[in-house]
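The values are calculated or read from the model by the stated rules, or taken from the named source; none is laboratory data. Keep in mind that this is a model prediction, so the values were computed, not measured. Cβ coordinates were reconstructed from backbone atoms using ideal geometry, including for glycine residues, and neighbour counts include every protein chain displayed.
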Amino acid sequence: MFALAFAVVSVLSLTPVMAQDEWTLERCISYALDNNIQIKQSALQAESAKLDKTQSLAQMFPNLNASTGFNVNFGRNIDPGTNQFVNEQVNSNNFRVGSNVTLFNGLRLLNTFKQSQLDLLAAEYNLEGLGNDISMSIATAFMQIMFSEELLSVAQEQLDIAAEQLQRTQKLVDAGSLPTGNLFDVEAQVAANELQVINAENALSAALLTLKQMLNLSASESFRIKRPEVDFPIETLGSKTIGTVYDHALNNWPQIKARETNLESARKSEQIAFATYTPTLSANGSVGTFYSSSYEDIDFTTFERTPIPYGEQLDRNLSESVGLSLSIPIFNGLQSRTSVQKARLGRMNAELQLQDQKNQLYSSVQQAYNDATAAKRQFDASDKSVKATEKAFEYAEKRYEVGMMNSLEFNTAANNLTRARSELLRAKYDYIFKMKVLDFYQGKPITFDQTK
C-alpha cells in the first residue's frame, strides 16, 4: 500500500482520549500509527539506518587523532631526549597529532555509502508498508463495529415488531377471538427476538473491544465510533481490471519498492566484495613532540649541564612525517573469494524475494478483484431478496390481523425478514470493504469521504 495511505492519517493533533466522545476512522488510524509498538520499532530501525548512512559517509574523510602522555620513570632507564641510560627519576611528556586517509580501495568506501543510502530507503519503505497494513486492520475492525451496530438495530426492530404482535394477540385472546395457544407462540417469538438482541449486543461489545485493543486503549475506557455516511455502496468496478489495479500497485506498493531497494543493496554488496581483490592505497601524516626532565644542554668545555625549558624542548623536539602505504592482497585464506560468492548468493536471493513479492501482490490483487465482483453480485441479490421479503411480510401482517394466518406462520415470515435484512447488511459491508481494498491498491486513502 502506498504513501497516499498516509494522507488518511495526516489529521488534526489529538487531544486526550478521555476528552473526546467519538472516534472517526481517520482518528483511529492516526492514533494507531502514532502509538503502535511495531510502528515505533520500525521507526527506530529507520533511524538506525540513517545513522549507518552518516557513519559510512564519514568513513570517506580523513581521520584525525591526537594523543598525549605523561610518564615518571625511576631508577635506571632511558632518557627519551638523549636515548642514553640514566639513573635518576625522569619525568616525560609527549604530544602527537596524526591523520590517515584511504586514497583507493576499489571504491569500497563509496559503494558502502551508496549501500547505506539504499538500506535507509528500504527501511523507510518497510515503515510505510507496515503503516498501511495497520491502517487496513484498523479499517477492518472499524467496519465490523459499523456492521454490528446495524445488526443490533435490525434485531431491536424485530423485537419491537414482536412486542407489538404480542400486545395485539393478548387483546384478541382476551376478547376470545384467538385461542390461548397463539399467545404462547408469540411469547416464544418475543423471547427468541430478545435473545437475538442480546447476541447482537455481545457481538458489538466484542467488535468494540477488538478495536480498542488494536489502539492499545483500556478495556474499561469509554469508547464509541462516529459513523460515517455510508447508506449504500456507490462505487462500482467500472473500468477497473485486474491488470490496471496491479500495474498501479506494482509501481507504488511499499513492499515492492522495499524489495527492489534490497536488490540494489545486494548488488552493492557484490561490488564491495569484489573490491577486496584490489590493492589499498593510504596516506598518513603526523606531528609530534615531547619533553623530558633529564634533557639538558651540556657545555663540553666545562661539562656544565643546563636544563632546557619546557617550551623550548617542545620546539626542539618537534617532528613531522608524511607517508604512503600500499597493501596488495595476495592470499588471505580465500576470504575474498568466499565474500564474493556469498554476496552473489545474497543478490540471487534478493531477486527471488522480489519476484515472490510481485507474485504475492498479483495474487492479492486478483483475489481482491474477484472478492469485489462477488460481493457486488451478492449485494444485488440480497437487496432484491429484502424487497421481496418485505412485501411478503406486509402481506402476512395483514392476513394475521384479520385472522387468516396463525402465529406460527406469521413468526416464520418475521424471521425470514430478519434473516434477509441481516444478509443484506452483511453483503453491504462486505461490498464496501472489498471496494476499499481495491481502492487501497490504487493508492487511495482509507476513508468514507466520497470526495477523496
Please find, among GLU47, GLU26, the residue that is among the acidic types (Asp, Glu) and touching a residue at least 60 places away in the same chain (Cβ under 8 Å). GLU26
Condition check for SER339: under 17 Å from GLY106 (Cα atoms) and surrounded by 14 or more Cβ atoms within 10 Å (Cβ to Cβ): yes
Return the pair list, or none, for Cβ contacts closer than 8 Å from residues in segment 150-179 that are without any contact (Cβ under 8 Å) to a residue 40 or more places away in the chain to residues that are hydroxyl-bearing (Ser, Thr, Tyr), at least 6 apart or on different chains. VAL173/THR180
Please count how many residues of segment 183-202 are at pLDDT 90 or above and over 14 Å from ASP160 (Cβ atoms). 6
Which one is surrounded by the fewest Cβ atoms within 10 Å (Cβ to Cβ) among residues in segment 124-163 that are out of contact with any Asp or Glu (no Cβ under 9 Å at 6 or more places or on another chain) and over 25 Å from MET435 (Cα atoms)? ASP160
For residues that are farther than 17 Å from MET435 by Cα, in contact with a helix residue (DSSP H, G or I) (Cβ under 6 Å, 6 or more places away or on another chain) and among the small types (Gly, Ala, Ser), tally how many sit in segment 375-390. 2
Could you check segment 273-300 and list, in sequence order, the residues that are of a type in the set (Phe, Trp, Tyr) and over 53 Å from the mean Cα position of the chain (by Cα)? PHE290, TYR291, TYR295, PHE300
What residue, of ASN406, ASN370, is surrounded by fewer than 21 Cβ atoms within 10 Å (Cβ to Cβ), under 30 Å from TYR246 (Cα atoms) and among the polar types (S, T, N, Q)? ASN370
Restricted to segment 301-335 and to residues being among the hydrophobic types (A, V, I, L, M, F, W, C) and within 30 Å of TYR277 (Cα to Cα), the residue farthest from the chain's Cα centre (by Cα) is VAL322
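Conditions tested, residue by residue: (1) modelled with pLDDT of 80 or more; (2) hydroxyl-bearing (Ser, Thr, Tyr).
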residue: LEU4; (1), (2): no, no
residue: VAL9; (1), (2): no, no
residue: THR24; (1), (2): yes, yes
residue: SER30; (1), (2): yes, yes
residue: GLN41; (1), (2): yes, no
residue: PRO62; (1), (2): yes, no
Flagged in segment 34-79 as among the acidic types (Asp, Glu) and either over 16 Å from the mean Cα position of the chain (by Cα) or in a strand (DSSP E or B) (or both), in numbering order, are ASP52, ASP79
THR289 passes all but one of (1) touching a helix residue (DSSP H, G or I) at 6+ places or on another chain (Cβ under 9 Å); (2) farther than 27 Å from ILE78 by Cβ; (3) not in a helix (DSSP H, G or I); which number fails? (2)
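Okay, residues lined up against (1) under 23 Å from SER148 (Cβ atoms); (2) modelled with pLDDT of 85 or more; (3) exposed (fewer than 15 other Cβ atoms within 10 Å of the Cβ):
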{"site": "VAL365", "(1), (2), (3)": "no, yes, no"}
{"site": "LYS376", "(1), (2), (3)": "yes, yes, no"}
{"site": "ALA381", "(1), (2), (3)": "yes, yes, yes"}
{"site": "GLU390", "(1), (2), (3)": "yes, yes, yes"}
{"site": "PHE410", "(1), (2), (3)": "no, no, no"}
{"site": "SER422", "(1), (2), (3)": "yes, no, no"}
{"site": "THR451", "(1), (2), (3)": "no, no, yes"}
Of the residues in segment 311-328 that are surrounded by 13 or more Cβ atoms within 10 Å (Cβ to Cβ) and in contact (Cβ under 8 Å) with a residue 24 or more places away in the chain, the one that is farthest from GLU270 (Cα to Cα) is GLN313
LEU178 - would you say it is buried (at least 16 other Cβ atoms within 10 Å of the Cβ), over 57 Å from the mean Cα position of the chain (by Cα) and not in a helix (DSSP H, G or I)? yes
Go through segment 303-355 and count every residue that is in contact with a Phe, Trp or Tyr (Cβ under 6 Å, 6 or more places away or on another chain), of a type in the set (S, T, N, Q) and closer than 24 Å to ASN93 by Cα. 2
May I ask you to list the residues in segment 97-148 that are in a helix (DSSP H, G or I), among the β-branched types (Val, Ile, Thr), at pLDDT 90 or above and over 23 Å from ILE328 (Cβ atoms)? ILE134, ILE138, ILE145
I need a count of the residues in segment 312-353 that are part of a helix (DSSP H, G or I) and among the β-branched types (Val, Ile, Thr). 2
Scan LYS391, LYS428, LYS398, LYS387 and give me the residue that is within 30 Å of ILE161 (Cβ to Cβ) and touching a Pro at 6+ places or on another chain (Cβ under 8 Å). LYS428
Quickly run through segment 81-96 and pick out the residues that are of a type outside the set (Lys, Arg) and either modelled with pLDDT of 90 or more or surrounded by fewer than 19 Cβ atoms within 10 Å (Cβ to Cβ) (or both). THR82, ASN83, GLN84, PHE85, VAL86, ASN87, GLU88, GLN89, ASN91, ASN93, ASN94, PHE95
